[in-house]
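I have placed the structure first, in the form of structure tokens, so that the comments after it can refer back to it.
The values are calculated or read from the model by the stated rules, or taken from the named source; none is laboratory data. As the structure is a computational prediction, the values presented were derived from the model and not from experiment. Every residue, glycine among them, receives a Cβ derived from its backbone with ideal geometry; neighbour counts consider all protein chains shown.
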């Protein structure tokens, strides 16, 4: 077995610290107090907190989001997505991300509450893009043209609205969230059809260059 690199070892320590922090977040939020309590719970020297997260809470929250996406990638890799249709693969991806962290929704909510603050601004948007990119790639998307950005933009909107719904969902086993997700995914899957119909209709319209040329000719003395 190859020796673990220093970088990999540091990542493992960060992961352990974040996982140990999750039960403390509902009481003390994402704070230095939480990170110190987590270090004690995980059997990590408290002095290592500053070494592992030199940027403090900002780095800890960013690592929490990164950990969630790495876990998502592993979950999707282990799933039998090939037997599913594209819509089912995408839906499965969003559910896989949220179901794993349902016991820690308060930690997610508190992390998102920090995002409007200057040190955290932009972090959630980067995380959402990374999440939907992981899901689309796992679903088999290989597009490199404009569709690449369209798919990710549409799914980011679906994912974001579903996360907000999920955070406050009180239904059993989050059944209301999954119903909400199914409706939003259905809207996304309709988009290519709508775009195709629009493109077909545009073909029947007169060439705007000819229209403008004709209008210009009418203005001539």
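Miscellaneous remarks
- The number of residues in segment 99-121 that are more than 21 Å from residue 176 (Cβ to Cβ) and within 13 Å of the chain's Cα centre (by Cα) comes to 0.
- Failed criterion for residue 151 (all others in (1) in a helix (DSSP H, G or I); (2) over 17 Å from the mean Cα position of the chain (by Cα); (3) modelled with pLDDT under 95 hold): (2)
- Matching option when the condition is more than 16 Å from the chain's Cα centre (by Cα), surrounded by fewer than 15 Cβ atoms within 10 Å (Cβ to Cβ) and in contact (Cβ under 8 Å) with a residue 40 or more places away in the chain, among 85, 58, 77: 77
- Qualifying residue in segment 185-196 (condition: within 21 Å of residue 79 (Cβ to Cβ), at pLDDT 85 or above, within 16 Å of the chain's Cα centre (by Cα) and surrounded by 10 or more Cβ atoms within 10 Å (Cβ to Cβ)): yes
- Contacts under 6 angstrom Cβ, first residue in segment 142-167 being in the same structural domain as residue 86 (by TED's automatic domain parsing), partner assigned to a helix (DSSP H, G or I) and exposed (fewer than 12 other Cβ atoms within 10 Å of the Cβ), 6 or more apart: none
- Annotation: of all residues in segment 1-22 being in contact with a helix residue (DSSP H, G or I) (Cβ under 8 Å, 6 or more places away or on another chain) and not in a helix (DSSP H, G or I), the one that is nearest to residue 114 (Cα to Cα) is 22.
- Test: residue in segment 107-122 that is touching a residue at least 24 places away in the same chain (Cβ under 8 Å), exposed (fewer than 15 other Cβ atoms within 10 Å of the Cβ) and part of a helix (DSSP H, G or I): yes
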